[in-house]
Structure formats: structure tokens, C-alpha cells
Amino acid sequence: MLAFVSIDSGGTGPISISGGWELVGRVTGPSTHLSAVDVYWRVAAAVEPNTYQITMASTSDGIAAIVAISGAVPTRPTVVASPLEVATSTVFSPAATPSTASGVELRWVGAIPPADVHISWTPPSTYTELVDLQSDDFVTGSLVWRGYASTAYINTQPHMASSRIDYGAGLTVLVASAEVEPPEPPVVQPYAPGKGSSTYRYVVTNLLTREYLGDLDLVGVSFDKRLLQPGAFSATLPIPSRRIGDQIAEIIPRDETQLDRGPGVITIQVIREGEPWGEYWITSATPSRSRRGTPAIALRGSTLDAYLSRVELQDDLFYAGQDQVDIARGLLNHLMARNHANISLVLQDGTSGVPRDRTYLESEGGTYGARLLELAQVDNGFEWSINLEVVDGALVRRWVWGYPTLGTLDPPPHLFADGRSGGDILEWSEEIDALRGATRWRARGSSASTDASTSGTPLVSTVHEATAHLAAGWPRLDRTLSYSTVSETSTLEDYAAFWAARAGGALRVDQVTVTFGRDPSLTPNRLGDAARLYFDNEWHRSTWRTRRVIGIAITPTSRSDGKEQAKLILEGQEVPGA
């Protein structure tokens, strides 16, 4: 149990709490204004009294809050005290470093407002406020909390008062969790709507060294991930005070001469409830201030797939009769052997059983990302992705692949519903576009001529038709896709066959937006899985559909929206240049 107390001047008498409490943290101010900002602790007994008596000077005023925490280690908590703040509207609770990888973080601020001023508090971003107290106009305070799931350093946090205070101070308390066997989960029907909320952590690291640089308190966050396409990240970093600005400048430098930090050098790891949900290479930061309010920095980035498309293949590479997955690993290992390009990918082993011949020439230009995409998107190809995963207790960037596809299909591991009595599908859309597909496909390659002084005729595959569509009465719709670096006719035939099989007729792009509970079955690392979807509404008659999830765009819970939302991109087909 923890007791948080703040007392104004009113004299200098001793302060105590009935029931055997131990003082573990205190900040004192001038005897004429602020006597103490305190935290006490004790181990709860089987039976506790209904009230506790706090003793202080007879002329003092004070506020108090008591918190009972179950599942905690019954030892003295970690307490860090801040220095006294004078004449300010922002009181800071100090930084701290957990001794264990799981627990609860509580932050208590107490302050003395000017006479006849009532104060309300705005808690730090991502924290939940437990109490916001004031005793007449003599002493005010706020208590917030959140969980933590690692031993990483936790930053100083700002507590914003609605008006200037005369004196104030903060305490940060870390309570470690006891290791207990998790209870058996309740049996919930798969189509039941998600319940609860989740907490996110945004960890900044160096792209190449993976050195930890700090945590950021972000707002307005959205991030997505897709198979065989880079995903995007966007967020806003508020700067409510000069002190916070100085801390942020350690990660996003103000000075362009500081070259080891900032966009291009850093990544943000997204950690949800202690589980890695993605890593994004930050490529843009825009500090700005509107006519009203304080400055903020807009951050933009992409999944690590995007980095692969920013490094050019500047050597000649030849692969004859090698498995297509071995070729992909060869490209990635060649990339990571270049100076300043080792992004420490752990490559999944195994083979697909499909041999290929590939020639990659420096003179053709092209990037590693483009070559990997071309290698995958052919007839009898494969899928790949880069996940942030915990492997043997370490957080690793893991390149994974699946043949012919990634994911679990049967039985579908995820279920979402839009029924007449509700469900977890918030929105849905179905786009059907005949101009994005075709019924006859060809692939055009490089020139067949080896004489640079003459203009040769490009290699072109035979026509591959979407026979089922033509037989059903579709008109002739032609598409010829360009692969200017391909010099093998067999490879061009594979490309044309792939698109005729996958993109015949009208292409559909279906999306559903769902709400997530605390422990969703679907995460960004599970793209490729099948989902079972139930629809019963004014458009759909009662029906079940099974579709692969090939993309996910997540908007975490915010102050403006209490629901964590995920837009699911369901398998259709994207054609180059469509």
C-alpha cells in the first residue's frame, strides 16, 4: 500500500500516519509555504481499517490519497524525488530506472497555489489520473499511474497546472510486480467485441548500432504495415516547456551539426503492452508552432522495408539454378556486408523448392528492395516481411518468408463481426475497379541486342489470358507491364502468368476497421493470416467470409477517441502502375 500526502506551511509539526506506515520519500519547501510532499508505504494486512489518521500541525492544510496494489513485490518501492519548482505552471516528476522488467509507475505532485486560486491538473501523455485534489486554496495535487514492461530508463514527466503555482514538487514511485502464474483466460466467444484498452511505448534507437536513445511521449500516433510494401508511421511530439524541449533535443537535434541523431539515423520501436508491434525508420521531423499553443514536432517514417529501397545494388551478382529464397537471402547478406548498411537482420532459414536464374548488373541501377520485390512477385513466387520479434529473450529484426504465402490460413485464427446486434467491425468498404485489372497480360523486358550502338527490340512475353473472365463475357482489356532489367524470356513469362492469374478482370480492395481489445489475436507480425468475417446488415445478408489480412493500419487510443482502431487491408491485388 502507498500513501501520498502533501501539506502546506501551517507550522512545522511532525507528520505521521496511523497504522505503521514508513516514510520513503519527501520533498520539503520553505517553512512559510510548503511543509512536505510525501510518500509512505506498508504491506497490507488481511484486514485493514476503514480510515487512517494523518497527524500534522494544527494550523496546516493537506491532501492525501491511498493506493492498494495487488500482485506487487512486498518490499520497499523505488522512490525518486524532484527538486522544488518555484513560480511555474508545470511541475515535473523525476526520471527513474526500474530494477525489474514489470511493474507499476506512480507519479505524485503537490503544490501551493496563490490565494483564492483553484487548480486543475493535466496528466502527462499516456498516464491515467487517479486523483486531482485541492484543500480549499491552500494545497493541491495530482496522482497518475501507468504500467512498465522493461528495465529501460523512464523519462521525466510534466504535470500541467491550470494556473501558476507558487511552489511545487514531484515524486516518482516504481513498484515491482511479483512473478505469479497467469490465470486461465476466460472462455469468450470469438465474435464478441473487444474490451479494454492498451498502453503503448515508443522507444528510440539508432538504425545501425541499435543503441537505445530514449523514450518519446507521442500523441496522434498512427502506423501501418503491409506485405511486400513499406508501411508508414506518423506522430506528433509535443513540446510543452523548455525543459522538455531540451530533453527532446537529445534525440531530434536543434543543430544540424549534430550528425549522430535525428531523422535518417533513428528508428522508433512500437511496444504495445510489452509486445513489439513494429519498428519504423524515422525520415522526417518538422518542428513548428501554430498561432496558438506551444511548439510540436511532426514525425514521419516507414518500416525497414523502405530502407532496402534506398540502397542501390552497385555490384554484378549472378545466381544460376538457386532456390528463390536463397537468392533473397543472398541479396540481403550482400546489402548488410556493404559499409554503413548493416541493419542487423536475422534471416529465416529454409528453402521454397523453386529454383531461379537471376542476373543483377550494376549498370541496370535498381535497389535491393526493388530486386527483392521483383523476385517475390512472379508465378510460383513467395512472400516476405521484416518483423520486430523477441527471440531467446532478445529483441531482433527478423526477415521472414512464406511459400507460397505467409500466415496461417486453416483454420482462420482471427474472427470479426458486423451483426445486427453489434460487433467489433466499426466500418467496412468494398471497392471494385475494372480499370485496375485486365484480361490479357504481357511482360516487356530489356533489349535483346548486345550491341550498344544499335537500338534493339525489347523482349516481350507471350499473351497470358484470364480465361475464366473472357469465357464469362468480359471484353478484351490489355496490359503490358515493363521490367526493363529482365533479359530472360522465361522470367517475363513467369511475370505475365502471375498477373493473369492474380489480377484478371475487376480488382477488389476490401477494408474493414475493427476495434481492438487488450489482447487481440491479430498483430502486425501476423500479416498473411486468414480472418473469418461475419456480416449481417442492410447490404449483406447473413454471411461468413474468409479473407487473408495483408495489411494493417493502427490508431492507438487517444484522448479524443477511447477506442483503439485497426484498419485491415484484405487480400486483393495491387498491379504495378495501376
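The values are calculated or read from the model by the stated rules, or taken from the named source; none is laboratory data. Predicted model, so just to flag it, every value in this text is computed and none were measured. Neighbour counts are summed over all protein chains in view; Cβ atoms, including those assigned to glycine, are modelled from backbone coordinates with ideal geometry. For the accessible areas, the whole protein counts, side chains as well, though only heavy atoms, and no ligand, DNA or RNA atoms are used. Shrake-Rupley method; radii C 1.70, N 1.55, O 1.52, S 1.80 Å.
If you go through segment 491-512 one residue at a time, do you hit one that is modelled with pLDDT under 90, more than 20 Å from Gly407 (Cα to Cα), surrounded by fewer than 18 Cβ atoms within 10 Å (Cβ to Cβ) and hydroxyl-bearing (Ser, Thr, Tyr)?
Taking every residue of segment 491-512 in turn, none turns out to be modelled with pLDDT under 90, more than 20 Å from Gly407 (Cα to Cα), surrounded by fewer than 18 Cβ atoms within 10 Å (Cβ to Cβ) and hydroxyl-bearing (Ser, Thr, Tyr).
When you scan segment 248-282, how many residues do you find that are assigned to a strand (DSSP E or B) and surrounded by fewer than 17 Cβ atoms within 10 Å (Cβ to Cβ)?
Residues of segment 248-282 assigned to a strand (DSSP E or B): 266-272, 275-282.
Cutting the leftovers down to surrounded by fewer than 17 Cβ atoms within 10 Å (Cβ to Cβ) gives us 275.
Residues that pass the stated criteria total 1.
If we keep just the residues of segment 513-547 that are open to solvent by 30 Å² or more (accessible area, probe 1.4 Å) and among the β-branched types (Val, Ile, Thr), which is nearest to the chain's Cα centre (by Cα)?
Top of the filtered list is Thr546.
Among the residues in segment 294-306, are any at negative phi and without any contact (Cβ under 8 Å) to a residue 24 or more places away in the chain? Spell out the reasoning first.
Our first condition is that a residue be at negative phi; within segment 294-306, this holds for 294-306.
Going one step further and asking which of them are without any contact (Cβ under 8 Å) to a residue 24 or more places away in the chain, we end up with none.
No; the residues of segment 294-306 include none that is at negative phi and without any contact (Cβ under 8 Å) to a residue 24 or more places away in the chain.
So which pairs qualify, if the first residue must be in segment 216-243 and under 17 Å from Leu527 (Cα atoms), the second must be polar (S, T, N, Q) and open to solvent by 50 Å² or more (accessible area, probe 1.4 Å), the Cβ gap must be under 9 Å, and the two must be at least 6 apart or on different chains?
Phe223/Thr555; Pro230/Ser309
Among the residues of segment 105-119, are any part of a strand (DSSP E or B) and open to solvent by 30 Å² or more (accessible area, probe 1.4 Å)?
Going residue by residue through segment 105-119, those that are part of a strand (DSSP E or B) are 105-112.
Restricting the remaining residues to those that are open to solvent by 30 Å² or more (accessible area, probe 1.4 Å) gives none.
Scanning segment 105-119, I find no residue that is part of a strand (DSSP E or B) and open to solvent by 30 Å² or more (accessible area, probe 1.4 Å), so the answer is no.
Can you report the number of residues in segment 151-175 which are closer than 28 Å to Val270 by Cβ and either open to solvent by 30 Å² or more (accessible area, probe 1.4 Å) or assigned to a strand (DSSP E or B) (or both)? Can you show your working first?
First, the residues of segment 151-175 that are closer than 28 Å to Val270 by Cβ: 151-160, 170, 172-175.
Add one more test, that the residue is either open to solvent by 30 Å² or more (accessible area, probe 1.4 Å) or assigned to a strand (DSSP E or B) (or both), and what stays is 151, 153-155, 157-160, 170, 172-175.
Residues meeting the conditions: 13.
Collect the residues in segment 329-349 that are open to solvent by 30 Å² or more (accessible area, probe 1.4 Å), touching a Phe, Trp or Tyr at 6+ places or on another chain (Cβ under 9 Å) and either assigned to a loop (DSSP other than H, G, I, E, B) or within 24 Å of Arg502 (Cβ to Cβ) (or both), keeping them in residue-number order.
Within segment 329-349, just Gln348 meets the criteria.
State which residue is modelled with the highest pLDDT when the search covers only segment 204-221 and only residues that are within 25 Å of Leu568 (Cα to Cα) and either β-branched (Val, Ile, Thr) or open to solvent by 40 Å² or more (accessible area, probe 1.4 Å) (or both). Break it down stepwise before answering.
Residues of segment 204-221 that are within 25 Å of Leu568 (Cα to Cα), as a first pass: 218-221.
Those still in the list that are either β-branched (Val, Ile, Thr) or open to solvent by 40 Å² or more (accessible area, probe 1.4 Å) (or both) too: 219-221.
Working: Val219: 92, Gly220: 92, Val221: 95.
If we take residues in segment 204-221 being within 25 Å of Leu568 (Cα to Cα) and either β-branched (Val, Ile, Thr) or open to solvent by 40 Å² or more (accessible area, probe 1.4 Å) (or both), then Val221 is modelled with the highest pLDDT.
Of all residues in segment 121-151, count the ones that are modelled with pLDDT under 90, among the hydrophobic types (A, V, I, L, M, F, W, C) and under 30 Å from Ala394 (Cα atoms).
1
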